[in-house]
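The values are calculated or read from the model by the stated rules, or taken from the named source; none is laboratory data. Quantities reported herein were computed from a predicted structural model and do not represent experimental measurements. All Cβ positions, glycine included, derive from the backbone under ideal geometry; neighbour counts span all protein chains shown.
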Amino acid sequence: MIVEVQYGNKAKNIPQVSRDYLAAGFSVMWAFEDDFTGDRFLLDRFERAFQEQDGTAFSPYTTEPSEVWEVFDPREWFDFPEDWQLEDPNPDCSHEFEHGRDEIECLLCGTEYRRHSESQSPIYRENNDPMHRVETVFVRVDDELEKPVPTDGLPHVHSWSGGHESSKLSCRERGCYAKKVDGKSEIVIEYTRKSADDLETRQMNNCRHEWRRTGDGKECWKCGKEKPDDDLYGQSW
Ligand SMILES: [Zn+2]
Ligand SMILES: [Zn+2]
Ligand SMILES: [Zn+2]
């Protein structure tokens, strides 16, 4: 339990410090002149501050660190980088965020996402680049429950890692069963507990494969599917 006594107009970032205390497991009350008479601290005001949740007292039993920003407006306490905003510019998109070249980016709409380093709030940048090419992406979800839920107010970001075939990836974040297949002109994301090796794009499904040698093996030049090992054996007989 921490009581922060504020004299006058000291430049302390109340929401930010509250968040840090909550994250460290402490309760905090911000006490001002009114909370004292002479040399005594008014205990009833202390209790009321926690009961009323009016933004002067926070307890880890009632408030998640990120919920501090439901009481305060981060825009009043921080500067945000240019073009970045707190509101999701494309809330209708069921964003599939992954690590892009420079920023975390939604595969579906190109919206960029970052965690604001000072407030720890998620912030977004709309992708207005006319040259930005959003690839054809299909998302298959059998059961919405298979999709990861945001934790501490932050959207899920896929962290892909390769499997047996380089075009077939699995998210290695805990609690996420997303698999991704990168074809020649299509990407499929599927939420499944199956192995990524079994996934194919529609193009791969409907393709009469023609294999040709690429850098590290053989893949179909039309759909991007890698030549299965058994085919290799088949040919050598
Ligand atoms: Zn999106
Ligand atoms: Zn994921
Ligand atoms: Zn093919």
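Examine the stretch 11-26 for a residue that is under 26 Å from Leu86 (Cβ atoms), exposed (fewer than 10 other Cβ atoms within 10 Å of the Cβ) and of a type outside the set (Asp, Glu), and state whether such a residue exists. Yes: one or more hits. Yes or no: Phe50 farther than 20 Å from Thr151 by Cα, in a loop (DSSP other than H, G, I, E, B) and touching a Ser or Thr at 6+ places or on another chain (Cβ under 9 Å)? It is false that Phe50 is farther than 20 Å from Thr151 by Cα, in a loop (DSSP other than H, G, I, E, B) and touching a Ser or Thr at 6+ places or on another chain (Cβ under 9 Å). The set of residues from the stretch 65-76 being assigned to a loop (DSSP other than H, G, I, E, B) and over 18 Å from Met29 (Cβ atoms) comprises just one member, Asp73. Here the stretch 139-153 is the region considered, the condition is being modelled with pLDDT of 85 or more and surrounded by 14 or more Cβ atoms within 10 Å (Cβ to Cβ), and the residue that is nearest to ligand 2 (Cβ to nearest atom) is Pro148. Close Cβ contacts (under 7 Å, 6 or more residues apart or on different chains) running from residues in the stretch 174-199 that are over 19 Å from Pro148 (Cα atoms) to residues that are among the acidic types (Asp, Glu) and within 16 Å of ligand 1 (Cβ to nearest atom) comprise Ile187/Glu135. Taken over the stretch 167-224, the criterion of being surrounded by fewer than 21 Cβ atoms within 10 Å (Cβ to Cβ), among the hydrophobic types (A, V, I, L, M, F, W, C) and more than 15 Å from ligand 2 (Cβ to nearest atom) is satisfied by Cys207, Trp211, Cys220, Trp221.
When Glu144 is tested against (1) among the charged types (D, E, K, R); (2) closer than 29 Å to Asp198 by Cα; (3) within 16 Å of ligand 1 (Cβ to nearest atom), just one condition goes unmet, and that condition is (3). Given the condition within 16 Å of ligand 2 (Cβ to nearest atom) and surrounded by fewer than 16 Cβ atoms within 10 Å (Cβ to Cβ), answer yes or no: does some residue in the stretch 75-91 qualify? Within the stretch 75-91, not a single residue is within 16 Å of ligand 2 (Cβ to nearest atom) and surrounded by fewer than 16 Cβ atoms within 10 Å (Cβ to Cβ). Against the definition (at pLDDT 90 or above and more than 23 Å from Ser117 (Cβ to Cβ)), how does Pro60 come out, yes or no? For Pro60, the condition - at pLDDT 90 or above and more than 23 Å from Ser117 (Cβ to Cβ) - is not met. Please work out if Glu82 is of a type outside the set (Phe, Trp, Tyr), modelled with pLDDT of 85 or more and not in a helix (DSSP H, G or I). Considered against the rule, which asks whether it is of a type outside the set (Phe, Trp, Tyr), modelled with pLDDT of 85 or more and not in a helix (DSSP H, G or I), Glu82 comes out as yes.
Scan the stretch 93-107 residue by residue and report those that are loosely packed, with under 14 Cβ neighbours inside 10 Å and either touching a residue at least 40 places away in the same chain (Cβ under 8 Å) or within 16 Å of ligand 3 (Cβ to nearest atom) (or both). Within the stretch 93-107, Ser94, His99 qualify.
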